[in-house]
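Visitor: My questions will all concern the structure given below.
The values are calculated or read from the model by the stated rules, or taken from the named source; none is laboratory data. Keep in mind that what you see is a predicted model, and the values were worked out from it rather than measured. Please note: Cβ atoms are built from the backbone with ideal geometry, for glycine as well, and neighbour counts cover all protein chains shown.
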Amino acid sequence: MKILVTGGAGFIGSNFLLTSVRERPECHFVNVDVLTYAANLANLEAIARSPNYEFCRTDITDPAAVLEVFARVKPDLVFHFAAESHVDRSIVGPSAFVQTNVVGTFNLLEAARRLDKAVHFHHVSTDEVYGSLGAEGLFTETTAYDPSSPYSASKAASDHLVRAYHRTYGLPVRVTNCSNNYGPYQFPEKLIPLMIKNALAGKPLPIYGKGENIRDWLYVEDHCSAIWAVHERGKLGETYNIGGNNELTNIALVKTLCTILAEVTGKPESDYTGLITYVKDRPGHDMRYAIDATKLKTDCGWSPAETVHSGLRKTVEWYVQNQAWVESITSGQYQSWIETNYSQR
């Protein structure tokens, strides 16, 4: 089987490839990535020389380049991870999000439907397309879309395009909408790696508003296993929500990180909790996300392996042991932007 993975040098994509390439030697994986600031081929060093893996630097917003890759690879399956995903940055500059997330997805769908073979298309999306929940209730696959940011709006548009290509052209598709991912190799503009990085450097840990916004946290390896479960046992044309069953307020999450950091580094917990600061909330900040993953468990037999505490400990330990990776990926002009625009999706 020939498998094309878009955005494979990014956070979720690289974790997906690191596991999949080694566990599925019978499959040939082609990593298509344009290598934006959040991508890093060093993430994939462990599989870079594997006979069933290759990298192809390609911009999915370039239709001719996408057609060329599809014509050469002739994939049986596409896992579409590539996306601009930073909410704060989408508020400042939405154009890149429309280009990558909407136009890029369109280009991939067009290339897939024009190939002279059936191409299964798995679209990886987010729970943010559903908007914000109140104190009660969960997002289900039938929840109406109500995106709040340019990022979530662009992902909602791409979801609709994927489903439209299934209904109009018969393209075999599956869509997954996941909750907040965390784990190794996540670019430190997102909440968890940013808090760990700042805490280790003795810098402030900025919390939007009062820190009462709630997210469901999904360990990235659990997300990757769910994607394979959906591909192998999920129904064509269907959407599946992927959640970690781990709801936490942002402030509770950061305090938990401080506790784990103290245990891992041997420093007093107060050294880290004392760094917590509260900053002005961002525009359109959704109050609560929570996933109902019953359909995924029923249809595909999947449930997360990690609790939020076991996953967070693995994550903290990885970042403590890989501070050189953090420094290498955050050096340069983007660093100043990160330090003044803190993200808590």
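Visitor: Residues to consider are K203, K255; find the one that is under 24 Å from S270 (Cα atoms) and touching a residue at least 40 places away in the same chain (Cβ under 8 Å).
Guide: K203
Visitor: Go through the range 111-147 and report how many residues are farther than 20 Å from Y169 by Cβ and in contact with a Pro (Cβ under 9 Å, 6 or more places away or on another chain).
Guide: 4
Visitor: In the range 213-269, which residue that is charged (D, E, K, R) and closer than 29 Å to F121 by Cβ is surrounded by the most Cβ atoms within 10 Å (Cβ to Cβ)?
Guide: Step by step, filter the range 213-269, then rank; the result is D216.
Visitor: I would also like to ask the following. What number of residues within the range 19-57 are aliphatic (A, V, I, L, M) and closer than 20 Å to Q323 by Cβ?
Guide: Number satisfying all stated conditions: 6.
Per-residue answers, yes or no, for (1) over 20 Å from I12 (Cβ atoms); (2) of a type in the set (K, R):
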| position | (1), (2) |
| --- | --- |
| G211 | yes, no |
| K235 | yes, yes |
| E238 | yes, no |
| G244 | no, no |
| A252 | yes, no |
| K255 | yes, yes |
| K295 | yes, yes |
| A305 | no, no |
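Visitor: Would you point out the residue of the range 1-60, among those that are polar (S, T, N, Q) and within 15 Å of T100 (Cα to Cα), that is nearest to the chain's Cα centre (by Cα)? Give the derivation first.
Guide: First, pick out the residues of the range 1-60 that are polar (S, T, N, Q): 6, 14-15, 19-20, 31, 36, 40, 43, 50, 52, 58.
Okay, now just the ones that are also within 15 Å of T100 (Cα to Cα), so 6, 36, 58.
Working: T6: 12, T36: 15, T58: 19 Å.
Only one residue fits best here, namely T6.
Condition check ((1) under 27 Å from E247 (Cα atoms); (2) hydrophobic (A, V, I, L, M, F, W, C)) across all residues:
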residue: S95; (1), (2): no, no
residue: A112; (1), (2): no, yes
residue: D159; (1), (2): yes, no
residue: R163; (1), (2): no, no
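Visitor: Residues L236, L261: which one is outside the structural domain of L18 (by TED's automatic domain parsing) and either outside any strand (DSSP E or B) or closer than 18 Å to M195 by Cβ (or both)?
Guide: L261
Visitor: Which of the following residues is in contact (Cβ under 8 Å) with a residue 60 or more places away in the chain and not in a loop (DSSP other than H, G, I, E, B): F79, F106, F97, F121?
Guide: Numbers: F106 fails: in contact (Cβ under 8 Å) with a residue 60 or more places away in the chain; F97 fails: in contact (Cβ under 8 Å) with a residue 60 or more places away in the chain; F121 fails: in contact (Cβ under 8 Å) with a residue 60 or more places away in the chain.
Every option except F79 fails the conditions.
Visitor: Looking at the range 38-87, which of the residues that are of a type in the set (D, E) and more than 27 Å from P150 (Cα to Cα) is surrounded by the most Cβ atoms within 10 Å (Cβ to Cβ)?
Guide: The residue in question is D76.
Visitor: Separate question: Of the numbered conditions (1) at pLDDT below 95; (2) in a loop (DSSP other than H, G, I, E, B); (3) over 18 Å from the mean Cα position of the chain (by Cα); (4) not charged (D, E, K, R), W325 fails exactly one; give the number of that condition.
Guide: Status for W325: all satisfied but (2).
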